[in-house]
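Only one structure is covered here, and it is reproduced in the block below.
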Amino acid sequence: ENTGTYIVIIEGRITTVGNASYTFNAQKIVDDVKPLVPGASQGTDRQWTAGALGGAAYLDGMQYGEIANSATVNQLRTVTVEAWIKADRLPVDAASPVALFYKGGGTLATRTYSLWLNSDGSLKLSTADASGEQSLTSAAGLIAPHQWQQVAAVMDRTTGQGVLKIVVDGVERA
């Protein structure tokens, strides 16, 4: 039996402000580290599925992809992020959008760029700097569940005017 002091670090939802309550169920586990093999299942949940252009990562809301922080991905002036997505459902309410892309800390002041899927099927591109948030939201109903769609977010601050664009299926939508 192991005894000693344990430290639990909890990171809540990005949208949580102030205090939050959590419940814990402590159980003994065995840590098993395995390399992620494209096309091969890891654990009980599927992680790969058929995609729009071949295979695709299956992320069910409990899993996410993460790119380590570096100067390469810390684009403060211009950036374009793009992905094929197939939402199995839209977020449950307007207060709980889903981040498709998120670069930054947990607060608006530290957000470099983000693209959110909203409960009405719209997309919101958001960025922040010393002057505050700049954002752009598409029309509602743009993203439909169970349908592969190509989404891209473009941010260009080199012109001094702060250009933001949302492109879906090759068409600029906002």
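The values are calculated or read from the model by the stated rules, or taken from the named source; none is laboratory data. Keep in mind that this is a model prediction, so the values were computed, not measured. Positions of Cβ are generated from backbone atoms using ideal geometry, with glycine treated the same way; all protein chains shown enter the neighbour counts. Calculation scope for accessible area: heavy atoms of the full protein, side chains included, ligands and nucleic acids excluded. Shrake-Rupley method; radii C 1.70, N 1.55, O 1.52, S 1.80 Å.
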*Which one of L115, L90 is in a strand (DSSP E or B) and modelled with pLDDT of 90 or more?*
L115
_I need the full set of residues from the stretch 76-87 which are touching a strand residue (DSSP E or B) at 6+ places or on another chain (Cβ under 7 Å) and either surrounded by 15 or more Cβ atoms within 10 Å (Cβ to Cβ) or modelled with pLDDT of 90 or more (or both), in order please._
V79, T80, V81, E82, A83, W84, I85, A87
_Among the residues that make up the stretch 97-104, is at least one of them surrounded by fewer than 16 Cβ atoms within 10 Å (Cβ to Cβ) and in contact with a helix residue (DSSP H, G or I) (Cβ under 6 Å, 6 or more places away or on another chain)?_
no
*Would the stretch 57-66 turn up any residue that is without any contact (Cβ under 8 Å) to a residue 60 or more places away in the chain, surrounded by 11 or more Cβ atoms within 10 Å (Cβ to Cβ) and not in a loop (DSSP other than H, G, I, E, B)?*
yes
*Specify the residue that is modelled with the lowest pLDDT; the eligible residues are those in the stretch 123-138 that are buried (at least 16 other Cβ atoms within 10 Å of the Cβ) and in contact with a helix residue (DSSP H, G or I) (Cβ under 9 Å, 6 or more places away or on another chain).*
A128
*Does the stretch 139-157 contain at least one residue that is open to solvent by 70 Å² or more (accessible area, probe 1.4 Å) and part of a strand (DSSP E or B)?*
no
